Each structure stands twice: as C-alpha cells, then as structure tokens.
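*Asks:* Sharing a structure with you now.
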Amino acid sequence: MSVLLAVLSAGQSLGQIDYPNRAIHFIVGFAAGGGNDLFARLVVQKFQENTGATAVVENRVGAGGRIAAEFVARQPTDGYTVLVGATGQMSIATAIFPDLGYHASNSFVPLNMIASFPLVLVVPAKDVKELIAWAKANPDKSNYGTSSPAFTIASELLKLKSGMPAVAIPYKSSNESNLSVVSGQSLFTISDGPPVIPLVKAGKIRALAVTGSERSPELADVPSMAEAGFPDVDTQLWSGFFVPVGTPAPIVDKLTTELGKALADAAVQEGLKKMAVKPGGPTGSEFKKRIDADIKLFAEVVKAANLTFK
C-alpha cells in the first residue's frame, strides 16, 4: 500500500508541476540557415509567442547531426532540452552505424513531426528512363553526387530498382552536389528541395522526378517516381521534435500539445510550405512507428547495396 501511495503521489506532483519555469533549449544538429534550423526557428518562435516560455534554438553541428542527438540523449529528462531531429541523424544513423551512441526510437520520445518531404532527382536528361538507359550504355561515365547517407541511400535504391550503374562522388553539401550536376561533373544527384528548387526554377538544372508516390506542390510539373515507373523508390525525409526517453508523461504531453498548436498556425504552415515541405505529420506513438519502419527500410537498402559508412 505504501508503494502504491508513493506512486500516486509522484504522479500527482508531476501533473501539477510548474513547467516550464526556465528556458527550453531546442538543439539543432546542423548549421544555422539549413533546412532543419529554419524549420525549428519558425515553429519555436510561434511556440514561444503562444506559451510565453523562453525558448532558445541552439546549433550543435557535427557528424551529420549525430553530435547533437548524442548530447540530447545524455541530458536530464526534465523537458528543458529538446532535439530537433532529422531522418539522417535518427532513422538512417540507427540503421547504418552499429556503434551509435543512441537509438532513434529507444533513446528518445518522439513529440511532433515538423514536416516531411520527398527528394528530387535532378539531371541533364529529359526523363528517368533516358537517364537509366544512358547510364547502362556508359557505365564508366555514370556517377552521382551525394552529401549525406540519406542521399546516398536514395540513389542506391534507384540503382537497385532500375539496374543502372553509378559511382558515388561525395560533396560537403547538397548545394555542392547540385552544382556538380550543373557543371557536368556528376550525371545526377538526389537532393532535398530547398537548395535545388531555385536552380530548377532558374532553368539551370532539370528535375526528373520526386521520390515517392505524390508530386511536390512546389514542382507541380515534375512527376513522382511512381509515375516515372519506379514506385519502390520512395524516400521521404522528415524533421521532428524529440526529448530523452524517461521524460515524464505530463511534460511530454504539454510539449506535444503546444508544439502542435504552433505547427497548426497558418503563418507557420505557409512558411514551411514555401520551403517545399509538407507541414505537420504524426505525433507520439504513430511518429515512432514511422521511425521504426524507416530504420528497417534503410537497413535493407544498405545491406542489398553492400554499403559502408564512416
């Protein structure tokens, strides 16, 4: 009976806790000005306006976002350190790095998905089938630019499903890999939307398809991979909020609710859409199911393509 009373007492105190009563730090694993940083600042600003809480966006850059994730995983479970996590540092890193210092769905509690978005296949060719045919006819000249495991896996998935050959050429950013296609150094690249859409609209590069089954509103004239004949080339990336596992449920619920309100704001929705992403997405357990499914998919592609990452 005494144990039960202690548990009930703890639950009541958590439910009545004064949270937040100091600054909440939102940790971004990428440089200021990048997609995840821009997503975070847009939503966190509205979160701060709605709640009156002090919210700080902090960039901890390095190792493809893994330094930031490891940092947050080690923090106290009090709700004052929130990770702005992306597919690459979460699902993909868990799938490809056996000695990772955290696990995407075991070390964190997912709160809200900020946005999701397909990737864009860009090339000088006129359509996907022409690209594949050219690569097969010229295997010694076929290559692709990539700046992260996320883009490498998407490119290797296209190779697996089409039978086309291509050698990866590493770049430091997706902007660099896009420009390598413009200059003719790479045959193609698969990129995230924000850095590539301006090049497409300026006519400097051709978008052949977006990964997945649906077209992107920002590239309405560009077919989906399913329309191009490759429905299995379905790579969707996302960004979302996470707290360390063990964070009390009342705090998780409050953060999820308030971040959800910020994400539902019309100005926030419009701002995200302008960055070529689909605002919102699953929360909590449904978000976790998406992460686990992604880990399984990416692990299968890595194994099938015999890929190794450092």
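*Asks:* Output the residues belonging to segment 185-226 that are open to solvent by 30 Å² or more (accessible area, probe 1.4 Å), among the polar types (S, T, N, Q) and within 22 Å of residue 143 (Cα to Cα).
*Replies:* Passing the criteria: only 185.
*Asks:* Cβ contacts < 6 Å: first residue touching a residue at least 12 places away in the same chain (Cβ under 8 Å), restricted to segment 253-267; second residue open to solvent by less than 70 Å² (accessible area, probe 1.4 Å) and of a type in the set (Ser, Thr, Tyr), any location; separation 6+ or different chain. Result?
*Replies:* Close Cβ pairs (under 6 Å, with a partner that is open to solvent by less than 70 Å² (accessible area, probe 1.4 Å) and of a type in the set (Ser, Thr, Tyr)) amount to 256/283; 258/51.
*Asks:* Of the residues that sit in segment 280-310 and are open to solvent by 30 Å² or more (accessible area, probe 1.4 Å) and not in a helix (DSSP H, G or I), which one is farthest from residue 167 (Cα to Cα)?
*Replies:* 283
*Asks:* Could you list, in sequence order, all residues of segment 84-95 that are more than 13 Å from residue 30 (Cβ to Cβ) and open to solvent by 20 Å² or more (accessible area, probe 1.4 Å)?
*Replies:* 94, 95
*Asks:* Which ones in segment 54-83 are farther than 25 Å from residue 301 by Cβ, open to solvent by less than 10 Å² (accessible area, probe 1.4 Å) and among the hydrophobic types (A, V, I, L, M, F, W, C)?
*Replies:* Hits for segment 54-83 are 72, 82.
*Asks:* Taking only segment 209-250 into account, find how many residues are more than 29 Å from residue 106 (Cβ to Cβ) and among the acidic types (Asp, Glu).
*Replies:* Count: 4.
*Asks:* Then there is this: Could you run through segment 247-282 and say how many residues are more than 20 Å from residue 150 (Cα to Cα) and either charged (D, E, K, R) or out of contact with any strand residue (DSSP E or B) (no Cβ under 8 Å at 6 or more places or on another chain) (or both)?
*Replies:* Result for segment 247-282: 17.
*Asks:* Please specify each residue of segment 184-214 satisfying the condition of being hydrophobic (A, V, I, L, M, F, W, C) and in contact with an Asp or Glu (Cβ under 8 Å, 6 or more places away or on another chain).
*Replies:* Of everything in segment 184-214, those that are hydrophobic (A, V, I, L, M, F, W, C) and in contact with an Asp or Glu (Cβ under 8 Å, 6 or more places away or on another chain) turn out to be 197, 208, 209.
*Asks:* A further question on this structure: When you scan segment 66-88, do you find a residue that is farther than 24 Å from residue 252 by Cβ and among the acidic types (Asp, Glu), even just one?
*Replies:* no
*Asks:* To continue, here is another question. Taking residue 143 and the conditions (1) of a type outside the set (Ser, Thr, Tyr); (2) at pLDDT 95 or above; (3) open to solvent by less than 20 Å² (accessible area, probe 1.4 Å); (4) more than 22 Å from residue 241 (Cα to Cα), which numbered condition does it fall short on, given that it satisfies the others?
*Replies:* The single condition residue 143 does not satisfy is (3).
*Asks:* Examine segment 241-256 for a residue that is acidic (Asp, Glu) and at pLDDT 95 or above, and state whether such a residue exists. Break it down into steps so the answer makes sense when it comes.
*Replies:* Kept after step one, since they are acidic (Asp, Glu), are these residues of segment 241-256: 253.
The next check asks that each one be at pLDDT 95 or above; those that pass are 253.
Scanning segment 241-256, I find at least one residue that is acidic (Asp, Glu) and at pLDDT 95 or above, so the answer is yes.
*Asks:* Looking only at segment 107-133, filter to residues that are without any contact (Cβ under 8 Å) to a residue 40 or more places away in the chain and surrounded by fewer than 21 Cβ atoms within 10 Å (Cβ to Cβ); which one of those is nearest to residue 218 (Cα to Cα)?
*Replies:* Step by step, filter segment 107-133, then rank; the result is 130.
*Asks:* Is it true that residue 266 is open to solvent by 40 Å² or more (accessible area, probe 1.4 Å), modelled with pLDDT of 95 or more, among the aliphatic types (A, V, I, L, M) and more than 30 Å from residue 207 (Cα to Cα)?
*Replies:* For residue 266, the condition - open to solvent by 40 Å² or more (accessible area, probe 1.4 Å), modelled with pLDDT of 95 or more, among the aliphatic types (A, V, I, L, M) and more than 30 Å from residue 207 (Cα to Cα) - is not met.
The values are calculated or read from the model by the stated rules, or taken from the named source; none is laboratory data. Because the structure is a prediction, the values reported are computed rather than measured. Because the Cβ atoms are built from the backbone with ideal geometry, glycine has one as well, and the counts that use them run over all protein chains shown. Quick note on the areas: whole protein, heavy atoms, side chains included, nothing else; ligands and nucleic acids left out. Shrake-Rupley method; radii C 1.70, N 1.55, O 1.52, S 1.80 Å.
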